[in-house]
Amino acid sequence: MRLSIKPVTTPNPSTLIVPTQKFKTIISCCCTLTQSPTSSTPNQATFTQNLPNWEQLLNPVSLSSLTLTQPITPITTTTAVTATKQPIRKIWEEYQGVKNWEGLLDPLDDNLRGEILRYGQFVDAAYKAFDFDPDSPSYATCKYPKSSLLENCELPATGYRLTKNLRATSGIQLPRWIEKAPSWVATQSSWIGYVAVCQDKNEIARLGRRDVVISFRGTATCLEWLENLRATLTHLPSRTNNNSGLNECEPMVESGFLSLYTSRTHLMPSLQQMVREEIARLLQSYGDEPLSLTITGHSLGAALATLVAYDIKTTFNRSPLVTVMSFGGPRVGNRSFRRHLEKKGAKVLRIVNSDDVITKVPGFVIDENERRHLACDRGAHKRVEIQNWLQKKVEDTQWVYAEVGKELRLSSKDSPYVNGTNVSTCHELSTYLHLVDNFVSRKCPFKATAKRLLGRHC
């Protein structure tokens, strides 16, 4: 049996990506994160051990104190996004993935490039609108009112109007000593994104339908970092009364992502409840016209976008086309989760930087192509049996994930303007938008490179 094992971030030691408005830095620490055996809520966890290390981790990071071995090349979103909006009304469903983007990714279709960059700007707005300042009284909230958020985030002419602010709540139970820490350390619920609806008649005509966007930022608060460490798979809540226990055919997702999506407090509803209520309202308002739901996010936001797509297609029987445009997202669920997502008709386009370590965690994946090759080999029957047995044992560890959807693979090394060895730079949203804007094809991966290679019959 040949396994394709990808890098795993383990809870001890751990590497956390700490987002800031300018860049992310890597912080390493040691910890133990265990599921609470006495908790009545399945999404809650208890965090213990090595308290001094975590107290040091949770202190605000002084950017001036950081020593970088190599400078980070600034890549601004405004310079990265250069695609011109073109009418796509006649084949808009293809750009939303109804045919799994067949023939549009290699080479990258210019209209699709423009749509990817456009949705990336909505994610960028979610970052810009978030208050990252831990000393601010409005920390972890949205800095702008709904009526002017997009304008304040340098998106004045999108044709979209915000209809709902979204918040995510952590299900982690903190120890009592945390009460002595700064208040921002224990911020349990934080603003994580928004819902916006296309209201401009000209934009609706260009798109060929009314579009609803759900946009999510990446990890920002302490408890979101800790949720990211809960990397084992857990079963999705069943909509039936099936209590048969563990079943390998049941969809499973990363514990921390599910916690952030479904946890709530007595004052704050869950992100899941907010999304469902808003989608139900929008379907009632616009369900009789051509409609699309586009869910987009970066990093943690990409994982939540995938969960939201699954939940919408599971909850609403007559939901419109649901598309995910994810940037730099980690793995979300197992093979059963992927099969259920595909069966329900959700379309996922994962934009992946091959130099971004976040896209290679959590867990690992099994090389299914090798299994199919052995299954077709009549002389390999015994090997197939052994492989299936080993696979079952590995899957029992709850660390076997599966990639979902269609992938657009890029690489920082293809750009002369990006430091391809800097981990934080490779994960930045601005880096992703820069790579998308300049990607041509696998043979000519970058526009500047393509010009040099044209003489070689690229």
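Residue by residue through region 111-123, what is 3J(HN,Hα) from phi via Karplus (6.51 cos²θ - 1.76 cosθ + 1.60, θ = phi - 60°)? Round to whole Hz and write x for glycine and proline.
Ordered by residue, 3J(HN,Hα) equals 5, 5, 4, x, 5, 4, 5, 5, 5, x, 5, 5, 5 Hz.
Quick one: grab the alpha carbon gyration tensor of region 138-242, order the square roots of its eigenvalues as a ≥ b ≥ c, and give me rounded if a/c is under 1.5, else prolate or oblate depending on whether a/b is larger than b/c.
Oblate.
Per-residue HN-Hα couplings for region 129-136, Karplus 6.51 cos²θ - 1.76 cosθ + 1.60 at θ = phi - 60°, whole Hz, x for Gly and Pro?
With coefficients 6.51, -1.76 and 1.60, one gets 7, 7, 8, 7, 6, x, 8, 7 Hz.
Using the heavy atoms of the protein chains alone and a 1.4 angstrom probe, what is the accessible area of region 145-268 per residue in square angstrom?
43
List the residues whose amide H sits under 5 Å from the amide H of D355, counting only those 5 or more places along or on another chain, with H placed 1.01 Å from N in the peptide plane.
S412
With a 1.4 Å probe and all protein chains left in place, how much of the accessible area of region 152-284 comes from carbon and sulfur atoms, in whole percent?
Reported share for carbon and sulfur atoms: 48 percent.
Counting only DSSP beta bridges with both residues in region 193-307, what percent are antiparallel, rounded to the nearest 5?
55
Around S189, under 12 Å between beta carbons, what's the net of Lys plus Arg minus Asp minus Glu among the other residues?
Here the charged neighbours net out to +1.
Which residues in region 272-303 place their backbone N less than 17 Å from a point set 7 Å from the Cα of A205 along the Cα-to-Cβ direction?
290
Name the long-range amide H neighbours of K164: under 5 Å, sequence gap of 5 or more, or other chain; modelled H, no Pro or chain starts.
V195
For each pair in K128/K360; K143/K347; K128/K413; K164/K344; K413/K447, compute the distance between the two Cα atoms and list the pairs where it is over 23 Å.
The answer is K128/K360; K143/K347; K128/K413; K164/K344.
The values are calculated or read from the model by the stated rules, or taken from the named source; none is laboratory data. Bear in mind that the values here come from a model prediction, so they are computed numbers and not experimental data. Here the Cβ is made from the backbone with ideal geometry for all residues, glycine too, and neighbour counts use every protein chain on show. Ligands, DNA and RNA are stripped out before the accessible areas are found, and what is left, the full protein with its side chains, is counted by its heavy atoms. Shrake-Rupley method; radii C 1.70, N 1.55, O 1.52, S 1.80 Å.
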